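All remarks here apply to the structure that follows.
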Amino acid sequence: MELVVERILAGGIAGIPTDTVYGLAALATDSIAIEALIEAKGREREQPIAVLFDSVIDIVPFLDDPLVLDRVTTFWPGALTVVVRAISDSSIVRPVVTETGTIGIRKPDDAFARSVIRACGGLLAVTSANLHGDSPASSAYEVASSFGDLLPVLDGGDRSEGIASTVVDLTVDPPELIREGAIDISSFISPDRGTATDSGASG
């Protein structure tokens, strides 16, 4: 793990396991690192990159309205990504923060992944570890096969059973489901339900 943490803290990118698939990780506050991540993956710059965090305390300083997270904390850690508004002077760089000022955030349900995130300051910009257009990598071997030996990868075992996170937009009321995924939150986003009470995490 040391090599991966050192690489990320030095402004590089690395492969890490999450609770869904393997991801490419970089410091969310480092524009050069984010650019390297985009180039390595070959993705469009307009596509947002999610921020994974270890503790809600770590992400709060970057949010316009942290209280909105009260609606979803029962789902975390878990495969739920929420879109919220970032503060206007956020040090988190684009395209982590979109043109409309929003940011996608998640606390992964994987102690291994969170230990890396914690060692790197509490939050990381993470996108699935695959070349643009390919299927997400489910093992450290697949990451290495796509990006070569120069990219350090933390081997957290097989993630072939991983299901993409559910994505919900909390900038609107009622919240809007953007992508169906591992967590069923149909009751939560229903207009007649004001708060999240049930966790539907499946792994």
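General remarks:
- Evaluating residue 93 against the criteria (1) in contact with a helix residue (DSSP H, G or I) (Cβ under 6 Å, 6 or more places away or on another chain); (2) surrounded by 20 or more Cβ atoms within 10 Å (Cβ to Cβ) leaves one unmet condition, (2).
- When the helices (runs of 4 or more DSSP H) confined to segment 95-203 are screened for residues that are under 23 Å from residue 42 (Cα atoms) and at pLDDT 85 or above, those reaching at least 1 such residues are found at 140-147.
- Pick from segment 19-28, criterion in contact with a strand residue (DSSP E or B) (Cβ under 6 Å, 6 or more places away or on another chain) and among the hydrophobic types (A, V, I, L, M, F, W, C), ranking: surrounded by the fewest Cβ atoms within 10 Å (Cβ to Cβ): 21
- Qualifying positions in segment 78-105 - within 20 Å of residue 179 (Cβ to Cβ) and of a type in the set (Asp, Glu): 99
- When restricted to residues that are touching a residue at least 60 places away in the same chain (Cβ under 8 Å) and surrounded by 17 or more Cβ atoms within 10 Å (Cβ to Cβ), segment 123-154 contains 21.
- Whichever residue in segment 29-83 is of a type in the set (Lys, Arg) and more than 25 Å from residue 173 (Cβ to Cβ) and, among such residues, is surrounded by the most Cβ atoms within 10 Å (Cβ to Cβ): 41
The values are calculated or read from the model by the stated rules, or taken from the named source; none is laboratory data. Note that the structure is a prediction, hence the values are computed from the model and not measured. Cβ: placed from backbone, ideal geometry, glycine included. Neighbour counts: every protein chain shown.
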